[in-house]
Amino acid sequence: MAHEDFTLQTRSPEETQQLGKILAQHMPDHVVVALYGDLAAGKTCMTHGFGEAYAVSEAISSPTFTLVNEYHGTKTIYHLDLYRLTSMEEIIDLGYEDILDTPNGIVLIEWAERAGSMLPDEHIAIHLSHDGEDLRSITINDAGLMQDGWQEALNTR
Ligand code: ADP
Ligand code: MG
């Protein structure tokens, strides 16, 4: 069954982070979240909200040189940024397949389109785009993976 896109706008980085936090609170135990959008669209900003939701004490920063960072809180976050990915071997070398198999692993992938066919079919897709200086449009398709009530939680945030 096709699942519908859910679109909303944010007007500040804080709002995007808060949105990420609410989404994080409705995730299943284990999931892949594909984040799409240009530089400065807010992908990392949204990831900060996941860190907040799972009580990660470290500051989450973009894994620019490593492709992946791992954070431990109430859940484990694997934060991948494939912007600089140059070959599919690199993605295998970083332990991608083990990461995907980790129970309780929430896998957030910036520039997920670069994973190509290595992106699992079952994933949540989030597209972020610039609508103006501080305005971002965010479209979520959860493929039925998120816990019920997430849309209401976003609408009443
Ligand atoms: P990405 O990871 O997509 O490259 P970042 O999250 O690192 O983007 O950066 C987003 C940038 O845009 C930050 O400098 C942030 O302050 C700014 N910004 C302005 N408005 C918003 C908004 N509504 N949501 C997210 N970021 C915003
Ligand atoms: Mg980023």
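The values are calculated or read from the model by the stated rules, or taken from the named source; none is laboratory data. Just so you know, these numbers come straight off a predicted model, no measurement behind them. Cβ placement follows ideal geometry from the backbone for every residue including glycine, while neighbour counts extend to all protein chains displayed. To get the accessible areas, we keep the full protein, side chains included, count just its heavy atoms, and leave off ligands, DNA and RNA. Shrake-Rupley method; radii C 1.70, N 1.55, O 1.52, S 1.80 Å.
Quick notes
- Calculated mean residue ellipticity at 222 nm for the chain: -7000 deg cm²/dmol, from DSSP H runs with n ≥ 4 weighted as -39500 (n - 2.57), summed, divided by the residue count and rounded to 500.
- Cα gyration tensor, region 14-87 - rounded (a/c under 1.5), prolate or oblate: prolate
- If R0 equals 41 Å, the separation of the Cβ atoms of ASP98 and GLN9 corresponds to a calculated FRET efficiency of about 0.65.
- Shape category assigned to region 89-150 from the gyration tensor of Cα positions, a/c cut at 1.5: oblate
- Rounded to the nearest 20 debye, the dipole magnitude of the chain is 360 debye, with +1 charges on Lys and Arg beta carbons, -1 on Asp and Glu beta carbons, and the Cα centre as origin.
- Positive minus negative residues near ASP38 (Lys, Arg vs Asp, Glu; Cβ under 13 Å): -1
- With contacts taken as Cα pairs under 8 Å at a separation of at least 6 residues, the chain carries a relative contact order of 35 percent.
- Sites ALA40 and ASP148, calculated FRET efficiency, Cβ-Cβ separation with R0 22 Å, nearest 0.05: 0.10
- Summing charges over all other residues whose Cβ lies under 10 Å from the Cβ of ASN141, with Lys and Arg as +1 and Asp and Glu as -1, gives -3.
- Against the criterion of solvent-accessible heavy-atom surface with a 1.4 angstrom probe, LYS43, LYS21 sort, most first, into LYS21, LYS43.
- Net charge in the neighbourhood of TYR83 (other residues with Cβ under 9 Å of its Cβ; Lys, Arg +1, Asp, Glu -1) is 0.
- Three-way shape label, region 39-140, alpha-carbon gyration tensor, a/c 1.5: oblate
- Qualifying GluC sites (Glu not before Pro) in region 48-134, DSSP loop, other Cβ atoms within 10 Å at most 14: GLU58, GLU122, GLU133
- Alpha-carbon centroid distance for the pair region 1-43 / region 86-124, whole angstrom: 17
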